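The values are calculated or read from the model by the stated rules, or taken from the named source; none is laboratory data. Note that the structure is a prediction, hence the values are computed from the model and not measured. All Cβ positions, glycine included, derive from the backbone under ideal geometry; neighbour counts span all protein chains shown.
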Amino acid sequence: MKTYQDIKSAATIDAVIHYIEALLDTRFKRVKKNRYNAPCPFHADTNASFMVYVNKDDEVRFHCFGACKGDWDIYDLIMLRRNYRFSKAQQVWAAHLGVTDFNFDDGSSSGIPEPDETSEPDEPVGFVEPKQGDAKGLAALENAADFYHELFVANEDRFRTVWEYLARRGVGKETIDKFTIGYAPPYSDEQYHGRALIDGFVPHFVKDTDAFEAFSNGGLFRFLNDATVKGYGYYCRQIDFNRKNLFSRNYGDFFAGRIVFPIYGADAGVTGMVGRRPGDRGVRWLKHQVREVPLSAKSWLYGIEKAAPSIRQYRTIILVEGLFDYFAFYNLLQDQDKAVVVSTLGSYLTPEAATFLKGLDIENYIVAYDWDELGRNGIERIAAKTGGWVYYLGGLADGRDPFAMLKPVVHTISGFSLKPMQTDAQ
């Protein structure tokens, strides 16, 4: 009786190649005995990176030497293409070969997760420090910010639940326009399929592949066949083989399913993005992943482009942790031309951000979040270097009035009054 290993041996290589050519719509070229290559169907491949070979165990294997870096057998590829379980992939391949006397493996594939094992992950991602300057990368961020904002504003009815969620959090249409807030539809969206940004720029990418690289290296796209990421079992199932274009087939929008907040530098240029799910399910924040472009999340201060003039005038800054804490204080202060608030996007002021703030000659550091010892020490050190003071207010709990938090310390700030705001509050 044959085993599942027997029917993927070197003796089956011709059958394997013909089957995969039809399955993945690709064509292999013979390199030498038992070795063939073709453009990889799982990424935008301009080289023949997809290799078929026979390993030392007499097993036919596939390997991508390009972006995928993956290694698969015939069952893995059937699972990827058809979204089958390992047991079903064995049955399909055995039937194709006409093998009926067959001993199935009742385990699981070592390379591809079972279709129902992995749900969409919802957790932060890491950062990679930039290696060199790249004007195209910055332009890609600007284009993406404008695209998501225009898509969101033009489809208010379609994305009604997102608009209502933002309104409940104190973010109305005027603020959405002022901060270029946008939305990236999820993979489950029947029109956009998690590819709104990619599909919007595909005609441009076809003409200029360097433009695609700028978007991709800027972290705006997610490579769906990256087996090294958590949630690979979910993302690989989003590969759409019905799409002929390799960009939109194998990549998705990195922020799919999230409200998109562009991060601006002091010069008002986009330096990154943050995404948040419209709701409270799971880990909520995804900071923008950066690869080989001049963007560093370490120095991000949300709202600094609007706050810097007032910070210099009043020598005061209010530091908050999250974006909706930021908008709570911003809504309170903006009408008085005293928008001295920024979000550190976490309870820690990084050395890079601290160095930037040092140049603003700040005297009063008002901290409106629950800091840890590391965060407290960092802020106190930078305040000491400029002869300033630190006022700790604590975090802004749901329903807490930011005016009530500021009232005890505002008298210490020269030229800064809350009286007009107090009148408005009453």
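Below are the figures for this structure:
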| read-out | value |
| --- | --- |
| Residue 367 vs. criteria in a strand (DSSP E or B), in contact with an Asp or Glu (Cβ under 8 Å, 6 or more places away or on another chain) and modelled with pLDDT of 80 or more | no |
| Selection within the stretch 244-273 - surrounded by fewer than 16 Cβ atoms within 10 Å (Cβ to Cβ) and either of a type in the set (D, E, K, R) or in a helix (DSSP H, G or I) (or both) | 244, 267 |
| Residue list for the stretch 28-64, restricted to those being in contact (Cβ under 8 Å) with a residue 40 or more places away in the chain and of a type outside the set (Asp, Glu) | 41, 42, 43, 44, 46, 54, 60, 62 |
| Those residues of the stretch 89-103 which are surrounded by 15 or more Cβ atoms within 10 Å (Cβ to Cβ) and over 20 Å from residue 18 (Cα atoms), in sequence order | 102 |
| Test result for residue 281, modelled with pLDDT of 90 or more, over 13 Å from the mean Cα position of the chain (by Cα) and surrounded by fewer than 24 Cβ atoms within 10 Å (Cβ to Cβ) | no |
| Matching residues in the stretch 42-53 - criterion: being surrounded by 19 or more Cβ atoms within 10 Å (Cβ to Cβ), at pLDDT 90 or above and part of a loop (DSSP other than H, G, I, E, B) | 49 |
| Subset of the stretch 204-229 (residues that are within 19 Å of the chain's Cα centre (by Cα) and basic (Lys, Arg)) | 222 |
| Extreme residue, nearest to residue 227 (Cα to Cα), among residues of the stretch 1-60 that are among the polar types (S, T, N, Q) and over 37 Å from the mean Cα position of the chain (by Cα) | 5 |
| Given (1) modelled with pLDDT of 85 or more; (2) touching a Phe, Trp or Tyr at 6+ places or on another chain (Cβ under 8 Å); (3) among the β-branched types (Val, Ile, Thr), index of the condition residue 118 fails | (1) |
| Unmet criterion (only one of (1) crowded, with 21+ Cβ neighbours inside 10 Å; (2) modelled with pLDDT under 95; (3) of a type outside the set (Val, Ile, Thr)) for residue 6 | (1) |
| Only listed residue being farther than 19 Å from residue 262 by Cα, surrounded by fewer than 16 Cβ atoms within 10 Å (Cβ to Cβ) and of a type in the set (D, E, K, R), chosen from 189, 157 | 157 |
| Subset of the stretch 215-266 (residues that are in contact with a helix residue (DSSP H, G or I) (Cβ under 8 Å, 6 or more places away or on another chain), among the aromatic types (Phe, Trp, Tyr) and under 22 Å from residue 152 (Cβ atoms)) | 215, 221, 251, 255, 261, 264 |
| Residues of the stretch 65-106 classified as within 17 Å of residue 5 (Cα to Cα), hydrophobic (A, V, I, L, M, F, W, C) and touching a residue at least 40 places away in the same chain (Cβ under 8 Å), total | 10 |
| Hey, residue 165 crowded, with 18+ Cβ neighbours inside 10 Å and of a type in the set (Phe, Trp, Tyr) or not | no |
